[in-house]
1. On a straight-distance basis, which lysines could pair with K505 in a cross-link, Cα separation under 24 angstrom, same-chain partners fewer than 8 positions away excluded?
2. Please report, for the Cα atoms of region 310-411, the Rg to one decimal and the Dmax as a whole number; what are they, in angstrom?
3. I'd like the FRET efficiency for L556 and D236, computed as 1/(1 + (r/R0)^6) with the beta carbon distance as r and R0 of 51 Å, rounded to 0.05.
4. Give the cross-link partners of K212 among the aspartates and glutamates, using a straight C-alpha distance below 12 Å as the criterion and excluding same-chain residues fewer than 8 apart.
5. In the structure displayed, which of K134/K339; K339/K367; K194/K367 lie more than 28 Å apart, Cα to Cα?
6. Carbon and sulfur atoms: what percent of the 1.4 Å accessible area of region 281-434 do they account for?
7. Going by the alpha-carbon gyration tensor, a ≥ b ≥ c the square roots of its eigenvalues, is region 403-478 rounded (a/c under 1.5) or, if a/c is not under 1.5, prolate (a/b greater than b/c) versus oblate?
8. Would you list, by chain and number, the aspartates and glutamates whose Cα falls below 16 Å from the Cα of K345, excluding same-chain residues fewer than 8 positions away?
Amino acid sequence: MPKSSSSLPKYSIRVGLAFVIPVVSALLGCALLFPFLVALALVPLEVPKVRQALCSSRIRKNLPCLRVPALLRLSVLWVLQLWWIMLCHARSSMASIDAPLSDVAATELVWTPQTLSVVLPCAGEGEFALKTVKSVYESVPEEILQEIVVVDDGSNPPLADSYLDESVRIKYRIVLVRHDETQGLINAKKDGGKTATGDVIVFFDCHVAPQKGWYSQFFALIAENYRRIVVPVITDLDVGTWTQRGGSHGQSKCYMTWDVDFKWFNSPDPYVPVLSGGLLGISRRWWNETGGYDEGMAGWGGENLDQSLRSWLCGGEIMLAEKAFVAHMWRVPTDPRTKAKYMVKAGTAQKNRMRAAAAWFGDFTPKLSSFPSLQADRQLPEGSPWYGNVDNILEVKQRLQCRGLEWFLHRFKHVYEDGGLVPSQTYAIRAIPSGLCLTYLGQPGTSPDGFGKVVLQKCADDNERQRWHGANRDTSKEGEPCCSGLRAWNTDQCIIGGLDGRTIKTFVCDISGHNQQQRWQLTADGQLKQKSGGFMSNGECLMPDSSGGMTNKACLSSGVDQLWRKEDVAQPLESRIYQKAMAASSDQGVA
């Protein structure tokens, strides 16, 4: 009896210690089944009477666990329990990064819009304004069309005195807003948005022809979520006949680059990272909640980036209406009919882009210094930023409790990670025969004409134009991860080959990975090889010579001497910031 009474506390303490971690975890709001189950599994090992009831004497003698000290058994148990809790916490945190920002129930986002207003900013559009008005009016039922808000942005003669006289305005339900002087697209859209009274506000350019039924999918998608912006498929407009041409093939999706510009791309999902700018639908409620357009922007450019980030980071989303087609007149240099009748003040778009970046880049702001044209660090004589005060955007950001930019990058992982815009490493590529390095000849940022050139030049550690990284999704692999091409760091250019003398050609990267010309890789055996047909073949390679030249030749068999070498590998700034920000979000469980 003395032995029995003295042993009871010992076994009780062991059992209690087995349940310490799951109990404490549950009290802290993290109740998980697995830690309790493994604690229960340890009870027969620690309490002899339970062990005797469950196991025969032969089994008890052969249990290896009993040969291990009790403290070691408990230590192993604690490690297992803590590991599981940490794993579940990490999964939960990552899920919160992917989850919608707001805790508002989905049913509270659903509503029933009844009317829509179409806003048309028109600067010197002349007859195009009337044709657009007619196309809009004829494509929307009368009971749905609240009004067509035409903002006459300094047209001369005024539209009210030419194509949109009083009889036309009455017939087509036009509300005319007049700017005596041209204020630019952004101010025209601002005033149009403020004037609109429909449940849904649709912004179109003043040279479009919406196709039959476009409004129905706009309504259906926005009705599911009042915080959802909707864009159409933008097709080509025949200016002569004012009809859609080229079928229903068009563009709709853009993504943002590090120099605060945007590029078109395609992906199979319906979500749109960045608006192209001119054609979209938004509920009047979400327009008002997000503050409309930035009052500090003017002219044209950058407002699409600001509006896109306002929506995604602050609890909204942008979706493609796949069955809504709007034929759009593109500016064609060889067709004088498409020439813009207004001027955009030099530097306006640059200022707008910097305002968007200053408001939304957050931890990634240092990356802007990689692009001298942005003048990110420039200040006015009194010490204020040259692009002005962005407190009006920051007020929206604070009021709506918006996320950080890292959430946006992670949300569109298929663009930024798989597409190679957040590369894990950058490096120099040295031609071993000459000792020279591949050098991109353009400036950082967006190529003015979409093209670029690469030559071999003397290697220099401080020359960022000699740094490269993998780019574009690899469509030959499951999940289509990065990378199938080579991109010049801090540019929009990828190698497409095609030697012109001693120069390699480049073009705007196709992050989807579908451009066959951009499938170039630096292989493990030191060859710059073009990938074709879904597998690496002994096809075309770039061969350097000792004089600094290059030629296109059949690739060499493996086992020969290296011709190219990757050097000075480093993790770029954007990748370091991204990893740190994502780790912080995970640790805090930020939703």
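1. K263, K453, K458, K529, K531, K553, K566
2. Calculated on Cα positions, Rg and Dmax stand at 17.9, 52 Å.
3. On the way: r = 45 Å, r/R0 = 0.89.
Calculated transfer efficiency: 0.65.
4. Correct list for K212: E138.
5. Working: K134/K339 21 Å; K339/K367 35 Å; K194/K367 35 Å.
Beyond 28 Å between Cα atoms: K339/K367; K194/K367.
6. Numbers: 3410 of 6430 Å².
Result for region 281-434: 53 percent of the exposed heavy-atom area is carbon or sulfur.
7. Numbers: a/c = 2.14, a/b = 1.83, b/c = 1.17.
Prolate is the answer for region 403-478, as a/c is 1.5 or above and a/b outweighs b/c.
8. Hits, sequence-local ones excluded: D153, E181, E303.
The values are calculated or read from the model by the stated rules, or taken from the named source; none is laboratory data. Small disclaimer: the values here were computed from a predicted structure and weren't measured. We place every Cβ from the backbone using ideal geometry, glycine too, and count neighbours over all the protein chains shown. Each accessible area value is taken on the protein alone, full model and side chains, heavy atoms only, with ligands, DNA and RNA left out. Shrake-Rupley method; radii C 1.70, N 1.55, O 1.52, S 1.80 Å.
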